[in-house]
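See below for the structure under consideration.
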Amino acid sequence: MAVIDGRAAAVPVLDTCREVVTPEGVALRLPAAGPMPRALAWLIDFMLRMAILVAGSMVVGMLGRGSMGPYLILLFSVFWLYPIAFEVLWGGRTPGKRALGLRVIAANGAPVGWLAAFARNLLRVVDMLPFGYALGLLVSFGDPWGRRIGDMVAGTLVVHDSRTPPPATTPPAEPMAAPVVLLPHEQAALVAFAERAPRLTQARQIELAELGSPWLQARGDTAVQRLYGIANGLLGRRDPGPHGSGQHGSEQHGSEQHGSGQHG
């Protein structure tokens with residue numbers, strides 16, 4: 001696996017997952033698609049485009065002598081506008097890619113833009129040389145992430161589209177009570193951090209955890225682990241004690257004392 005941070009890194013050929021660290025510190029694992037699913041997606045798109053071309057030609061043919069201009073527009077739309085527009089406006093998916101669970105993204109994990117989509121589809125002509133996508137197929141087999149020439153130049157990547165996100169969980173840690181009273185929105189933020197932490201880099205986890213170092217009385221990995229433990233306590237994996245229950249617990253305790261005084 002390679003971490004893309006502006007420097008070249010050695011990547012095992014059999015590792016088809018590319019790891020990208022976003023500016024927010026989130027580590028994205030991008031499962032690159034191989035030549036076979038990409039070829040099947042292209043075949044689906046090709047058959048769909050041919051169907052559009054045949055149907056459109058029949059309609060344009062009814063115009064008689066004035067049909068040449070509309071027919072050229074139809075050809076341009078089918079062979080050039082179709083893939084570019086779908087990849088930009090439909091989340092990196094043409095109908096064929098959507099059917100195969102694939103999508104095109106930028107190398108940094110961002111959505112593909114107009115310029116990148118235009119470049120990768122323009123260079124499809126080069127990938128077709130000398131015939132039948134032979135050059136593109138040869139290049140993709142030699143690339144760790146299965147990219148063809150168009151993807152390399154455009155800075156794009158075709159990945160498997162995971163539509164079912166994993167359930168949110170917190171890392172394993174001994175549940176513990178918070179050393180201070182946490183307001184409801186603070187409890188929610190702490191739990192959200194713990195659930196999101198597995199997708200963050202270690203440095204980003206430490207940076208966020210140390211924001212609470214004055215009351216955590218810890219730094220580095222220790223602060224991270226304590227936040228995990230407090231989050232697990234707040235989620236009810238064990239009674240977090242009077243501090244973890246927040247203001248509600250304090251108010252309830254005060255109400256009990258007030259009630260005892262009245263009965264006395």
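Observations
- Sparsely packed loop sites in the range 106-163 (the chymotrypsin sites (Phe, Trp or Tyr not before Pro) outside DSSP H, G, I, E and B with at most 15 other Cβ atoms within 10 Å) comprise PHE131.
- Backbone geometry of the range 223-233 corresponds, through the Karplus equation with coefficients 6.51, -1.76 and 1.60 at θ = phi - 60°, to 3J(HN,Hα) couplings of 5, 4, 5, 5, 5, 4, x, 5, 4, 5, x Hz, x marking Gly and Pro.
- Here GLU87, GLU207, GLU19 are placed in order of increasing Cβ neighbour count within 10 Å, fewest first, which gives GLU207, GLU19, GLU87.
- Remark: the range 45-52, residue by residue, has Karplus-estimated 3J(HN,Hα) of 5, 4, 5, 5, 5, 5, 5, 5 Hz, where x stands for each Gly or Pro and the curve is 6.51 cos²θ - 1.76 cosθ + 1.60 at θ = phi - 60°.
Read the figures in this text as sums done on the coordinates, not as results from a lab. These figures come from a predicted structure and were not determined experimentally. Note that each Cβ is placed from the backbone with ideal geometry, even for glycine, and that neighbours are counted across all protein chains shown.
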